[in-house]
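Accompanying notes for the structure given below.
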Amino acid sequence: MHYHHEGGFMTEMTQERKAPANAGGGESVTEQAKEKVQETAGQVQQQVGEKAQEVRGQAANGIKQQLDSRSTQAGEQVSATADALRRVGEQLTQEGQQAPARYARQAAQPVERLGRYLTDADGERILWDAEQFARRRHWVTAAGGVALGFVVARFIKASSTSGGQEQMQAPNGGQAALPMGLEPGNSR
């Protein structure tokens, strides 16, 4: 670096900027910094993507585990219901009521199959079966969604504080204003 009195400080700064550019094999410091920033941004983006995929996987596993646990409990309850239906059928048979006993036994069979399925199937299998059902019978899924929406809307309406109706209240604390000269219980 040369110091010239005639060029002053500006000549010194210009020479410093040019020196690294020529030493780097033709790339300027700005281009090198830009490449480094792009490389770092790419690495960060890749890490974020990997972490997001990991979180999605963990969430999916958690949902599957919850579904597995709750479906096993539901399966046990459904199986208990099938056993109760079967006992009702036996009792009706003992009482000589063959037709109702047969209906109770017939009702117990699909209930028992459902209970066994819920108890034995894991969360992943249940989700896969539900997805396949929805794909094969999309109209049933749509109708179920509409019915569920209707039930939820009715529930929300029924649970509102006003019971779904607006209540009118006078601004003076709940007492209606009477025309001048009239008192409650007194008419003209």
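No lab work stands behind these numbers, since they all come straight from the coordinates. On a predicted model such as this, the values are computed, not experimentally measured, just so you know. Note that we place each Cβ from the backbone using ideal geometry, even for glycine, and neighbour counts take in every protein chain shown.
Scanning the stretch 109-140 for residues that are of a type in the set (Asp, Glu) and over 26 Å from Thr81 (Cα atoms) turns up just one, Glu131.
Out of everything in the stretch 63-92 that is of a type outside the set (Gly, Ala, Ser) and in contact with a Pro (Cβ under 9 Å, 6 or more places away or on another chain), what residue ends up being farthest from Ala130 (Cα to Cα)? My answer is Leu92.
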